[in-house]
Structure formats: structure tokens, C-alpha cells
Amino acid sequence: MSSSGATSAESFYSGALERIRRVMIALAVVLTGVCWARFGWKLAAGFAAGCAISYVNFHWLKRVVNAMGERITGSGRPQSSSGIVLRFLLRYALIAAGAYVIFKVSPASLYGLLAGLFLPVAAILCEAAWEGYMALRRGF
């Protein structure tokens, strides 16, 4: 592979997190609408809540991984270990609180919440398919 091809591939792959984030938003909007039309507003509300929690969770996970990487390599502004751990645990507290509230309001919506929590998985699968397609098409 030539150096311009390597640079092009590197540029393409460096945008994966941003593409995953955009796909998560698009999937959340489209699938919430589908869920509403097929199963009703309660399940759709649970699904939307699960998608929102997943999106925030994905964002926080990215920040935690970046902070841990900076702490290990010693580059950038060092973050406190307690702050990293607190954000890590806060992600799970948010999921538990969302599940508790939804279960108390409408147990049927809990299914939607649990489905919405798989939003990052669907977005990552879409990204993997896109990267595979681009690798075959451009020879990355």
C-alpha cells in the first residue's frame, strides 16, 4: 500500500467513533418511530429512554477510556483516579435508575428500555459493515 493509501485509510478509520455516534442517533430516531407504530407509545418511550441512556453511556465510556489512556501514557492533563472511577460507576447507576423508574411507571416499557440499551451494538455492527464494504471497495 502506498503512503497516500495508508494516510487515506488512517483518516477513514480515525472517524469511526464519530460515525458510530451519528448512526446511534439515526437508529434511535428511526427505531423509536418503528417501535411506536408497531407496539405503542409506552414501549416506544421505554425504547427512547434506553437509547438515551445508551448514548450517554457510550459518550462517558469514550471519555473514561481516553482518560485512562492519558493517565497510562502520561500525556495530556492527568485526571484523578477517583474521577475516572466515579464516572465509570455513574454509568451503571444511570442505567439502574432508568430501569427502576420505567419499571415503576410501566413494566411493559422495561422491554423497550432493555432493547434500547443495545443501540451501541447495532451502531457498531453498522460501522463494521461499512468498514468492510469500504475495505473491499477501496482496498484498505
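The values are calculated or read from the model by the stated rules, or taken from the named source; none is laboratory data. Here the structure is a predicted model, which means the values were calculated and not measured. With ideal geometry, Cβ positions are generated from the backbone for all residues, glycine too; neighbour counts draw on all protein chains shown.
Test of understanding: among LEU90, LEU136, which residue is among the aliphatic types (A, V, I, L, M), under 20 Å from the mean Cα position of the chain (by Cα) and assigned to a helix (DSSP H, G or I)?
None of the other options fit; the residue is LEU90.
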Exercise. Do you know which of the residues in the stretch 2-34 that are in contact with a Gly (Cβ under 9 Å, 6 or more places away or on another chain) and either at pLDDT 95 or above or basic (Lys, Arg) (or both) is farthest from ALA48 (Cα to Cα)?
Worked result: LEU31
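In the stretch 33-58, what residues are part of a helix (DSSP H, G or I) and free of Cβ contacts under 8 Å to residues at least 60 places away in the same chain? Working first, answer last.
Step one: list which residues in the stretch 33-58 are part of a helix (DSSP H, G or I), which gives 33-39, 41-58.
Correct list: GLY33, VAL34, TRP36, ALA37, ARG38, TRP41, VAL56.
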Problem set entry | Selection from the stretch 10-33 of residues that are among the aliphatic types (A, V, I, L, M) and over 19 Å from SER106 (Cβ atoms) | ALA16, LEU17, ILE20, VAL23, MET24, ILE25, ALA26, LEU27, ALA28, VAL29, VAL30
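When you go through VAL56, VAL65, VAL121 one by one, which is the residue that is within 20 Å of ARG21 (Cβ to Cβ), of a type in the set (A, V, I, L, M), exposed (fewer than 13 other Cβ atoms within 10 Å of the Cβ) and at pLDDT 85 or above?
Working: VAL56 fails: exposed (fewer than 13 other Cβ atoms within 10 Å of the Cβ); VAL65 fails: at pLDDT 85 or above.
Answer to the check: VAL121.
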Problem set entry | All positions within the stretch 124-140 that are surrounded by fewer than 12 Cβ atoms within 10 Å (Cβ to Cβ), small (Gly, Ala, Ser) and free of Cβ contacts under 8 Å to residues at least 60 places away in the same chain | ALA129, GLY132
